[in-house]
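Chemist: Next up is a structure, given as structure tokens.
The values are calculated or read from the model by the stated rules, or taken from the named source; none is laboratory data. Keep in mind it's a predicted model, so treat the numbers as computed, not measured. Note: ideal-geometry Cβ built from the backbone for every residue, glycine included; neighbour counts use all protein chains shown. Surface areas here come from the heavy atoms of the whole protein model, side chains and all, with no ligands, DNA or RNA. Shrake-Rupley method; radii C 1.70, N 1.55, O 1.52, S 1.80 Å.
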Amino acid sequence: MIAFLPLCCHPNPKKVLIVGGGDGGVSREVVKHPLVEEVYQVEIDDRVIELSKKYLPTMACGFNDKKLSLVVGDGFEYMRTNQRKFDVIITDSSDPIGPAMSLFQEDYYKLMKNSLREGGIVCSQGGSFWLDYNYIKKQMLNCSIHFPRVAYAVTSVPSYPCGQIGFVIGCLDKSSDFKDPLIKFSSSEIDAMNLKYYSSKIHSSAFTLPRWIEKNFYENGNPK
């Protein structure tokens with residue numbers, strides 16, 4: 001979901017950057033998208049990549065795709081030296097607390113904005129509103145400083161605490177409607193890509209939130 005939500009909201013996601021995601025799962029999914037031509041992944045910990053290749057081969061297989069260029073290094077520095085280059089930037093990190101907090105601050109969204117082409121989209125792991133409500137709201141506000149369209153989406157992940165995780169998505173195109181994917185796949189196309197969860201219906205439903213969350217995240221001057 002962290003891959004196909006932003007990819008299908010962009011009209012032509014040719015060039016994608018993944019920050020983090022050392023297990024290889026996100027890159028495995030991103031390279032499946034037929035419009036994606038180039039994927040650049042920056043992971044700071046080479047040990048994570050090594051162990052994923054050894055113990056999680058069904059996820060790490062994404063590292064072997066010809067579309068992917070894997071860089072071991074600092075995602076911040078990589079974006080500083082690669083501006084106006086990407087259509088979509090996906091940040092696959094740990095929760096928005098502790099060591100990963102720098103990936104959810106206002107200056108990180110500014111850095112991503114500067115690395116995007118016109119109409120670019122960002123998508124970051126956003127935690128669960130059942131657990132990280134205040135962090136998510138702050139993250140959305142930080143994102144909204146640099147992106148005119150911001151939204152929060154949810155999906156089911158049984159292995160995650162409380163069984164649900166979310167994503168903060170921002171777009172430079174203020175007319176973007178995240179709920180209605182620009183790219184819609186047929187059932188046969190989804191099966192050919194071996195997508196076991198994502199579909200256009202799941203995409204739209206991901207943005208349907210409980211009333212109290214919708215009210216607090218989007219109303220009273222909060223991100224739209």
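Chemist: Hey, can you grab everything whose amide H is under 5 Å from the amide H of Gln164? Only 5+ residues off in sequence or another chain; H modelled, so Pro and N-termini drop out.
Modeler: Val157
Chemist: How many nm is it between the label spots at Arg84 and Lys179, if each spot is 7 Å from the Cα in line with the beta carbon?
Modeler: The modelled label-to-label distance comes out at 3.5 nm.
Chemist: Rounded to the nearest 5, what % of the DSSP beta bridges within the chain are antiparallel ones?
Modeler: Percent antiparallel among DSSP bridges in the chain is about 40.
Chemist: So, one more: Classify the stretch 3-219 from the C-alpha gyration tensor, please: rounded if a/c falls under 1.5, else prolate or oblate depending on whether a/b exceeds b/c.
Modeler: rounded
Chemist: Here's another thing I want to ask about it. Would you work out the relative contact order for the chain, in percent, from Cα pairs under 8 angstrom that are 6 or more residues apart?
Modeler: Once divided by the residue count of the chain, the mean separation gives 20 percent.
Chemist: Can I ask one more? Using a 1.4 angstrom probe on heavy atoms only, work out the carbon and sulfur share of the accessible area of the chain in %.
Modeler: 52 percent
Chemist: Rounded, prolate or oblate: pick one for the stretch 22-94, where a ≥ b ≥ c are the square roots of the eigenvalues of its C-alpha gyration tensor, a/c under 1.5 means rounded, and failing that, prolate if a/b is larger than b/c, else oblate.
Modeler: Note, shape of the stretch 22-94 comes out oblate.
Chemist: Counting only GluC sites (Glu not before Pro) that are in a DSSP loop and have at most 16 other C-beta atoms within 10 Å, tell me the longest site-free stretch of the chain.
Modeler: Excluding the exposed sites themselves, the longest stretch runs over 38-218.
Chemist: Counting alpha carbon pairs within less than 8 Å and at least 6 residues apart, what relative contact order, in whole percent, applies to the stretch 11-89?
Modeler: Computed value for the stretch 11-89: 40 percent relative contact order.
Chemist: Let me ask another. With +1 on each Lys and Arg Cβ and -1 on each Asp and Glu Cβ, how big is the dipole of the stretch 3-219 about its Cα centre, in debye rounded to the nearest 20?
Modeler: It works out to roughly 360 debye.
Chemist: Which percentage, to the nearest 5, of the DSSP beta bridges contained in the stretch 72-183 is antiparallel?
Modeler: Among the beta bridges of the stretch 72-183, antiparallel pairing accounts for roughly 75 percent.
Chemist: Something else about it: In whole Hz and in residue order, list the ³J(HN,Hα) couplings for the stretch 9-24 that follow from phi through the Karplus curve 6.51 cos²θ - 1.76 cosθ + 1.60, θ = phi - 60°; x for Gly and Pro.
Modeler: Values, residue by residue: 8, 9, x, 7, x, 6, 10, 10, 10, 10, 9, x, x, x, 7, x Hz.
Chemist: Which of rounded, prolate, oblate describes the stretch 112-224, given a ≥ b ≥ c as roots of the alpha-carbon gyration tensor eigenvalues and a/c under 1.5 marking rounded, otherwise prolate only if a/b is larger than b/c?
Modeler: In terms of gyration-tensor shape, oblate.
Chemist: Under the rule of -39500 (n - 2.57) per DSSP H run of 4 or more residues, summed and divided by the residues of the chain, what mean residue ellipticity at 222 nm is obtained, to the nearest 500 deg cm²/dmol?
Modeler: -9000 deg cm²/dmol
Chemist: A further question on this structure: Report, by chain and number, residues whose modeled amide H sits under 5 Å from the one on Arg149, excluding near sequence neighbours (fewer than 5 apart, same chain).
Modeler: Cys171
Chemist: Moving on to the next point. Rounded to the nearest Å, what's the spacing between the alpha carbon centres of the stretch 152-224 and the stretch 109-130? Just the number, please.
Modeler: One Cα centre to the other: 14 Å.
Chemist: On average, how much accessible surface per residue is there in the chain, in Å², for a 1.4 Å probe, leaving out ligands, DNA and RNA?
Modeler: Spelled out: the 1.4 Å probe surface of the chain, per residue, equals 47 Å².
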